[in-house]
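Below you'll find the structure, written out as structure tokens, and then a few comments.
The values are calculated or read from the model by the stated rules, or taken from the named source; none is laboratory data. Nothing here was measured: the structure is a model prediction, and the numbers come from that model. Glycine gets a Cβ as well: all are built from the backbone with ideal geometry, and neighbour counts include every protein chain shown. Just the protein is used for accessible areas: all its heavy atoms, side chains included, with ligands, DNA and RNA removed. Shrake-Rupley method; radii C 1.70, N 1.55, O 1.52, S 1.80 Å.
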Amino acid sequence: MAYGPVLALVFGYLLGSIPFGLLITGAAGLGDVRKIGSGNIGATNVLRTGNKGLAAATLVLDALKGTAAVLIAGRFAPELGLWAGLGAFLGHLFPVWLGFKGGKGVATYLGVLIALAWQVALIFAVVWLAIALLARYSSLAALTAAIVVPIALYFLSTPQIAGLLAVMSLIVIIKHRANISRLLAGTEGKIGAKG
């Protein structure tokens, strides 16, 4: 089991690196989603194609990558689920198939959270939806939810899970640094705006 964490991390990474947003939009004949909007492969950028169904499918599949990684590896040992979840998250952010240029990880983050602490995943969803409906900024909604999650986990879950999600939240915030700059400048694109 000495190699267990490494194997779980690699397994999660390979699962997480499947670029569903790119595959789905390509299969639908919409071209390369990396050439519109933010250039990312996630659901928010897929939504900029104007196809809500494809964006929803991307969101679900990107989340399921994280959930599946945690649940499959966790069957062998709970701590392996944590490593696999981190791997899936990193795989989405830095997929080897795309020159390590992936999405911002929010859906996969949520998928990992669903598998580890579904009650806090509900808190994430409520916070995200509330901010998204009020402000119409996906990035602001994601950033706010990512800040709330580790705090909620501190009270509602284990230190290991809270620590993992705190690290993942920090990475989400770093990956959104350009969005933060645009939010402060008032130039961030709103949800549903075509790219």
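Miscellaneous remarks
- By accessible area with a 1.4 Å probe, ligands and nucleic acids excluded, highest first: order of TRP83, TRP97: TRP97, TRP83
- Peptide ranges 44-56, 14-26 listed from the most packed, as the mean C-beta count within 10 angstrom indicates: 14-26, 44-56
- Over the range 24-133, the fraction of Cα-Cα pairs per 5 Å bin, rounded to whole percents and listed from the shortest bin up, is 2, 13, 19, 23, 19, 13, 8, 2, 0.
- Each Lys and Arg adds +1 at its Cβ and each Asp and Glu adds -1 at its Cβ; summed about the Cα centre, the chain shows a dipole of about 580 debye.
- GNM on the chain, alpha-carbon springs under 10 angstrom: the most fluctuating residue among GLY37, GLY163, GLY29 is GLY29.
- Lysine-lysine proximity count for the chain, Cα under 23 Å, sequence distance 8 or more or distinct chains: 21
- For the chain, the longest principal axis of the Cα atoms and the long axis of helix 138-156 meet at an angle of about 20 degrees.
- Sulfur and carbon atoms: percent of accessible area, the chain [1.4 Å]: 72
- Surface exposure of the range 19-158, expressed per residue as accessible area with a 1.4 Å probe, stands at 46 Å².
- When the chain is described by a simple charge dipole with +1 on each Lys and Arg Cβ and -1 on each Asp and Glu Cβ, the residue from GLY16, ALA185, THR58 located farthest towards its positive end is ALA185.
- With Cα atoms defining each centre, the range 55-98 and the range 152-195 are spaced 17 Å apart in the structure.
- Surface accessible to a 1.4 Å probe, LYS101 within the full protein complex, Å²: 150
- Most mobile listed residue (LEU134, LEU59, LEU80) in the chain, GNM with C-alpha springs under 10 Å: LEU134
- Nearest 10 degrees, 0 to 90: helix 78-93 Cα axis against the chain principal axis: 20
- Using equal-weight Cα scatterers in the Debye expression, the normalised intensity of the chain in log10 at q = 0.11, 0.13 Å⁻¹ is -0.46, -0.64.
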